[in-house]
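Worksheet: the structure to be examined is printed underneath.
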Amino acid sequence: MMTRGQFLPLLLVAFLLASSPATSTEESKTVIGPENIYLADGAKALMAGDGEEGVRLTLLGLQTATGTHQRKIAHSNLCAGYLLLNQLETALKHCNWVLDLDPMHWRTYNNRALVYMRLERFEEAEEDIRKGQTIRPKSEKLKTVKGMYLDETQPVTPNIEVDERRETSEEPVPKLPDSVEE
């Protein structure tokens, strides 16, 4: 039977072996920054308004994507990128890919609503805005897109008509008597 004095050194050795590399040829690596640099750089380009570079980098990121989460991000960003490039049917395919996989991805509903508005498919745009706001009711992006939708479908007409005939009148403005307080 092992005594406590014998057990502790063995436990320490086991801990040290477990925390050291398995072989002497393995190197310890520390990763700093995004896991998929192409996706990160593609997103930056898209946010800067550079659709071509954003799509190019995002497609590279999609090729090296590890896992469903990265692929979902890539397709969502490709939806936005192709929207920027006005390639609406291609954008729609990427939006649909994301929503088929994750029907709770509110950002993609936002982007797809914009695609539908450009395609003048307003009923579908309204439905996507509604779904997105159900998932994320306080989203400023969705509120902005809803405003754009309303501007397209229910434009505001001015209720005030300015009568410009007074400006051309040559009649002087009557002066108030000195006894009247202003």
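Here, each number is a calculation from the coordinates, and none is a lab measurement. These numbers come from a predicted model, not from an experiment. Cβ atoms come from the backbone with ideal geometry, glycine included; neighbour counts cover every protein chain shown.
Observations on the structure shown:
- For Leu78, the conditions (1) farther than 26 Å from Met117 by Cβ; (2) in contact with a Ser or Thr (Cβ under 9 Å, 6 or more places away or on another chain); (3) hydrophobic (A, V, I, L, M, F, W, C) all hold with the exception of (1).
- Number of the condition not met by Thr66 [criteria: (1) assigned to a helix (DSSP H, G or I); (2) closer than 18 Å to Leu39 by Cα]: (1)
- Count of the stretch 113-152 residues, restricted to those that are touching a Leu at 6+ places or on another chain (Cβ under 7 Å) and within 23 Å of Thr68 (Cβ to Cβ), is 3.
- For the stretch 88-129, filtering for residues that are among the aliphatic types (A, V, I, L, M) and under 19 Å from Leu46 (Cα atoms) leaves 7.
- Taking the criterion of being basic (Lys, Arg) and surrounded by fewer than 22 Cβ atoms within 10 Å (Cβ to Cβ), the residues of the stretch 75-124 that qualify are Lys93, Arg107, Arg118, Arg121.
- Within the stretch 139-155, the residues that satisfy the criterion of being farther than 12 Å from Asp128 by Cβ and in contact with a Gly (Cβ under 9 Å, 6 or more places away or on another chain) are Ser139, Lys141.
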